[in-house]
Amino acid sequence: MIAKIAKQLRENVQKVIVGKDQAINLALVAVLCEGHILLEDIPGIGKTTLARALAVSLGCSFRRLQFTPDLLPSDVTGLNWFNQKNQSFEYRPGPIMSQVILADEINRATPRTQSALLEAMQERQVTVDGVTRPVPRPFLVLATQNPIELEGTFPLPEAQIDRFLLRIRIGYPSESEENAILERFRLKDPLPELSQITHAEQIMQLQEQRRQVRVEDSLRNYVVRVARATRTHAEIELGASPRATMALYQSAQAWAAIHDRDYVLPDDIKQMAPHVLTHRMMISAQAQLRGRNPDELVKSIVETVAVPVEN
């Protein structure tokens, strides 16, 4: 069931996004885990288009929020305003009360505004003037940031980065893919004609089915050992949190499910580890001077930690 819907969603999104199977599959993993995505790449790669195509395919409400230095927390969460006709305060929902949120260039907003997303991302609720309201389900935040242009930006705090299930880089298209993009968009934009594949109720059913994917005890221990290895590595100052361990476990389940398996393999964990762990780690200054990066360190950890084998 999950694999069938995932295939339909992938093919539908690829009517707009040329190629990029890996990025689309990772986005589907986040949907199945009801996690959030940090899209870190240069402008013009297709981050916004991917978010919009995914929202249409899922049949979910979509809001784009452009993060700027003058954006206020109430611009995200909404506010209470005084209705003179009724002589009472009424809640005016903010963009956060949608199912798919594109937080564009999130690191350009102040830390106070960035933190307005924290409660919604973790608790699936928003509190305004002491009143707590649930956000609609399913709920997915796709935040973009440009890793090249850092002037006038506010780096995301570790507490917020840790709430992103995955970090995805889309990357440049190949030469053939870039030619296909020009041909596909030559006459019209295919996005407005994109069809809906599923709906909110079915998505939540798929999320429950994902939880039933089997993870053997030895593989569960493998997930824990990989995460704990980041905390004892000599070149890593801040390792993966227990939330990261849970994210690796859940994303491995989702990766297995979209590939039509009801059980997890060690390769599923290895596949997901770089996307789950790298943005949650802080490497030491000495390692940075030596030119090391989180991707290399996670790769070395995954290769070092012993993979469980069948008796």
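Rule-based calculations on the coordinates, nothing more; no lab input. As the structure is a computational prediction, the values presented were derived from the model and not from experiment. Reconstructed Cβ throughout: ideal geometry from the backbone, glycine too, with neighbour counts over all protein chains shown.
Here are the numbers for this structure:
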| item | result |
| --- | --- |
| Sequence-distant residues sharing a close amide H with GLN125 (under 5 Å, placed H) | ALA120, VAL135 |
| Cα coordinate range in the range 2-202, projected on the principal axes (Å, largest first) | 59, 41, 32 |
| Cα-centred dipole magnitude for the chain, charges only on beta-carbon of K, R (+1) and D, E (-1), debye, nearest 20 | 480 debye |
| About the Cα centre, charge dipole magnitude for the range 212-304 (Lys/Arg +1, Asp/Glu -1 at Cβ), debye | 280 debye |
| Degrees, to the nearest 10: 47-58 long Cα axis against longest axis of the chain | 80 degrees |
| Residues of type lysines that LYS299 reaches as a straight line, Cα spacing below 16 Å, ignoring anything fewer than 8 places off in the same chain | LYS270 |
| Fluctuation leader among ALA51, ALA159, ALA120 - the chain, Gaussian network, Cα springs under 10 angstrom | ALA159 |
| Farthest positive-ward along the range 54-198 dipole, Cα basis, beta-carbon charges - from TYR91, SER174, LEU118 | TYR91 |
| CD proxy at 222 nm, helix term only [per DSSP H run n ≥ 4: -39500 (n - 2.57); per residue of the chain; nearest 500] | -13000 deg cm²/dmol |
| Under 5 Å, built H, 5+ apart or other chain: amide partners of SER284 | ILE236, GLU237 |
| Folded to 0 to 90 degrees: helix 175-184 orientation relative to the chain principal axis, Cα | 30 degrees |
| Nonlocal amide H pairs with VAL141, under 5 Å, H built at 1.01 Å | ILE37, ILE101 |
| Relative contact order (%) - the range 212-304, alpha-carbon pairs under 8 angstrom, separation at least six | 33 percent |
| Tilt relative to the chain, helix 200-210 - C-alpha long axis, 0 to 90 degrees, to 10 | 20 degrees |
| Spatially proximal aspartates and glutamates relative to LYS20 (Cα-Cα < 14 Å; intrachain offsets below 8 disregarded) | GLU11, ASP41, GLU175, GLU177, GLU178 |
| Relative contact order %, the chain, counting alpha carbon pairs below 8 Å whose residues are six or more apart | 22 percent |
| All aspartates and glutamates inside 15 Å of LYS47 as judged from Cα atoms, apart from same-chain residues fewer than 8 positions distant | ASP21, ASP104, GLU105 |
